[in-house]
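Single-structure report; data block below.
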Amino acid sequence: MADAHEEVRRRYVDAFQAFASECAARLTLPPEERAIARDDMLRAMLRRAVDGSPWHRDRLAGVDIDEVSSGDLHALPTMTKTDLMAHWDAVVTDPSLCLDDAQRVLDAHAAGEPFRFVHDRYLVVATGGSTGVRGVIVGDEHSFGAFAGSDLATALAQAAAGLIPPIDTAETVAVAMLTATNPVHVSAARGEILGSAGGREVHNIGPATPIEEGVETLNRIQPQVLMGYPSLMERYANEARAGRLHIAPTRVGANAEPLTAEVKETLEQTWGVPVSNAYGASEGFLAKSWGASSQLYQPDDVAIIELVDDDDQPVPIGVECSKVLLTHLHNHVQPLIRYEISDRASWAEPAPGCPWEGQWLNPPQGRTDDVFQYGADGEVVVHPHVFRSALLADPAILSYQVHQTPAGADIRVIPADAATVDEAGLARRVTEGLQRTGIDDAVVEIDVVAELEHHEQSGKLRRFVPLTIGP
């Protein structure tokens, strides 16, 4: 069994390295050549969707796939996360693959069992993002290779251009990831798959890791590359300024949360190197900054994104959208075609001096999940992923909202259709996570509700609601 798992993991690594080379070759293709390649990939994905997915076959009936191009995606219907979860088995193109199988693997990962693939073939992760609505995303080595390989291609291109320090492949490069550690999340799953691929030694330090333990690990491994959530990066920068953390990374990058100007400045002053930024989704796209520029490059040979308003009409450059529509070109297992992601982003002009062809975005400054601080002086800081790790792994939960309390949290959950939430079990799992962060007497209450509290004026839903401190 171990040999079979390693063989599958190796296929993922090979796909990652192969796509990195392919993506690098397309980075500076003339626009017309890039468009031809992109449209070929788009049509191949659509044909697979029609051939293998009953749900997509019905939706795309009457569409002449041979005539579809990236310029007229608006003629295709959109799909939501609710659509995906309600018709999951009919969306995937492998009839032997079902949501129950995927959920069993997620359950195993949530329980701390070793990382594994579904059917010894497919990668599965859960996503909730800032919306809190749970989704189960599945793919194969090709979709993973495109997602991770494009990231490597852009990093190598920036190193070749002298914008970031090159990686010395003659030695092992220590990489510290201040992100989720449970492979329920895509960032941790990526680390499990790539491991030491490409001469890298990846170390994950999660939000629930006590800060003293994280500092000890970083001091021991001395990472050349430091990546992670801005809220966690800022905490470790504070440890460095306090004289407890002694590292000198040559590359620092933020992802998964909006990177504010204040945090970016803090990180750059602490470690003396430019901080790159990234914006992406577990569904399979990743936009990254070019050097020190603020604009983010989204490789449209991996995924095509559309920024639209409430009526699904495209927004002009600089205007914040109501939602992002994602069309993944390489996920033939679970085709995501104009898939709605409730993020707020805007188009940008290309970064000055960058030769890359693709889509350019301004860094999203939308909803930021709040970290919670506990104790008289706020000395215990809890990242949202401490809660998400338990909430996203539970198939009985459709949506949630976490209200901080002095000793823990009041978590309000909307159950999925015909599902029963194990309130005691969920409370226990969250409590254990809080205890690991240093809240010894954590108290967690679970309330099953029919709807969640939205902002009175804007109608927006705040996923994590901190205690109001002061008058």
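The values are calculated or read from the model by the stated rules, or taken from the named source; none is laboratory data. Just so we're clear, the structure is a prediction, and the values are computed from it rather than from any experiment. Note that we place each Cβ from the backbone using ideal geometry, even for glycine, and neighbour counts take in every protein chain shown. All accessible areas refer to the heavy atoms of the entire protein, side chains included, with ligands and DNA or RNA removed. Shrake-Rupley method; radii C 1.70, N 1.55, O 1.52, S 1.80 Å.
Results, tabulated for the structure shown:
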item	result
Rounded to 5, percent antiparallel among DSSP beta bridges of the range 101-256	30
As computed over the range 349-444, the Cα convex hull volume per residue (Å³)	165
Within the chain, longest stretch free of exposed GluC sites (Glu not before Pro) [DSSP loop, at most 12 other beta carbons within 10 Å]	172-378
Accessible-area composition of the chain, carbon plus sulfur, in percent [1.4 Å probe]	50
Electrostatic dipole magnitude of the chain [Cβ: Lys, Arg +1; Asp, Glu -1; Cα centre; debye, to 20]	680
Residue-by-residue Karplus 3J(HN,Hα) for the range 216-231, coefficients 6.51, -1.76, 1.60, Hz, glycine and proline x	4, 5, 5, 4, 6, 8, 6, x, 7, 10, 10, 10, x, 5, x, 5
Stokes-Einstein diffusion coefficient of the range 258-358, Kirkwood radius over Cα pairs, 20 °C, 1.002 mPa s, in µm²/s	144
Reciprocal of mean inverse Cα separation for the range 62-171 (Kirkwood radius, Å)	17.4
Within the chain, helix-based [θ] at 222 nm, where runs of 4 or more DSSP H residues each add -39,500 (n - 2.57), nearest 500	-10500 deg cm²/dmol
Cubic angstrom per residue, convex hull over Cα atoms of the range 1-112	153
Residue among 280, 226, 261 farthest towards the positive dipole end of the range 210-286, charges placed on Cβ	226
Antiparallel %, DSSP beta bridges [both residues in the chain], to 5	60
In sequence order, calculated HN-Hα J values of the range 287-302 (Karplus, 6.51, -1.76, 1.60; Hz; x Gly/Pro)	9, 10, 6, 9, x, 8, 5, 8, 5, 10, 8, 10, x, 7, 9, 9
Radius of gyration and maximum dimension Dmax of the range 172-219, Cα, Å	10.8, 30
